[in-house]
Amino acid sequence: MSSVNLYPNYDPFARMYNESWGPHSCQTKLPQVEKLLIQHHLPKGAHILDLCCGTGQAVQQLVLKGYQVTGLDSSEGMLYYARKNAPTAEFILGDARFFELPTTYHAVVSTNIGLNHIMSIEELKAVFKKVYDALQNNGLFVFDLIFKGKFKSYGSDTFLTDGEVKDDYAWACRESYDPKEKINPNIMTIFELIEEQWQRSDITWIYKAYTEDEVKSTLDNVGFTGVTLYDREGNLAKPEGNSYGIFVGRKQIDR
């Protein structure tokens, strides 16, 4: 298993993420995560780890709800904004596959398909094991993923899927799907006005396509119990054919 940082390419996009994707993700996804945390009886004032926290909008909202929150991300650029957005929270620069934290958390959440960046079942299992070790007994793990069916819908030809134009920057994202490797390359082109000169950056992120069964069996193997899949609205997902889902599992050790 490689120990190379997976996300250095997020640094050039950190400002745009902070102003665009971060707030949108928090607005659209955090309410469902909160619903599931409450539904599964997370204690008041619980200590939460936000894994792949990005620019910290979700962290700040959880702090405002009265939780103690730690954010972990492997992009220093992202954490620069996260510390500004949630100044009372704790932030850690670290890789989701290799972090070492004490067993103090009542819940671990990941709210913006950050775990789709994990490139193999072996490495996904390593992430799940780190999360399991960081959770207190009866702790919850809540995270979202996009599944293989959604990525396959992009097809093998690269096409434009997102973008934005502002006065001092512009960016565009192009995506495709490689069925042999089961990966979704995101090719990002950024133009930013720096010292009155337009500068271009080209970066690529890779998302890995997993099936629901692969993820569930890996969670089971690590030791999570009661693993359940929910849809975008936080309701129980269909038995199969989902393009996106939110997993909930519990660390439950008999005493």
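The values are calculated or read from the model by the stated rules, or taken from the named source; none is laboratory data. This structure is a prediction, so every number in the text was calculated from the model and none was measured. Note: ideal-geometry Cβ built from the backbone for every residue, glycine included; neighbour counts use all protein chains shown. Surface areas here come from the heavy atoms of the whole protein model, side chains and all, with no ligands, DNA or RNA. Shrake-Rupley method; radii C 1.70, N 1.55, O 1.52, S 1.80 Å.
Side notes on the structure shown:
- Per-residue [θ]222 nm for the chain (sum of -39500 (n - 2.57) over DSSP H runs n ≥ 4, rounded to 500): -8500 deg cm²/dmol
- In this rough spin-label picture, where each label sits 7 Å from Cα along the Cβ direction, the Lys152-Asn235 distance is 2.5 nm.
- Pairs beyond 18 Å (Cα-Cα), from Lys130/Lys182; Lys150/Lys238; Lys29/Lys130; Lys148/Lys208; Lys148/Lys182: Lys130/Lys182; Lys29/Lys130
- The alpha carbon gyration tensor of the range 1-134 gives principal lengths a ≥ b ≥ c with a/c of 1.5 or higher and a/b no greater than b/c, which makes the shape oblate.
- Relative packing of peptides 52-59, 148-155, 189-196 - highest average C-beta neighbours within 10 Å first: 52-59, 148-155, 189-196
- Simple Cβ-charge dipole of the chain, Lys/Arg +1 and Asp/Glu -1, about Cα centre, in debye nearest 20: 900 debye
- Among Ser75, Ser110, Ser243, residue whose mean-square fluctuation peaks in a GNM of the chain (springs only between Cα atoms under 10 Å): Ser243
- Net charge dipole, the range 24-109: roughly 320 debye, given to the nearest 20, about the Cα centre with Cβ charges of +1 for Lys and Arg and -1 for Asp and Glu.
- Residue of Val63, Val109, Val165 that the Gaussian network model of the chain assigns the largest fluctuation, springs spanning Cα pairs under 10 Å: Val165
- Cα gyration tensor shape for the range 134-253, rounded if a/c is under 1.5, else prolate or oblate: prolate
- Spacing of the two label points (7 Å from each Cα toward its C-beta) at Tyr80 and Lys182, in nm: 3.7 nm
- Listed by chain and number, the aspartates and glutamates placed with their C-alpha closer than 17 angstrom to that of Lys44 are Glu34; residues fewer than eight positions away on the same chain are left out.
- Fluctuation leader among Pro179, Pro239, Pro23 - the chain, Gaussian network, Cα springs under 10 angstrom: Pro239
- With Cα atoms, 0 to 90° folded angle of helix 21-39 axis to the chain main axis: 10 degrees
- Axis angle, to the nearest 10 degrees, between helix 121-134 and the longest C-alpha principal axis of the chain: 60 degrees.
- Accessible-area ranking of Glu100, Glu76, Glu175, largest first, probe 1.4 Å: Glu100, Glu76, Glu175
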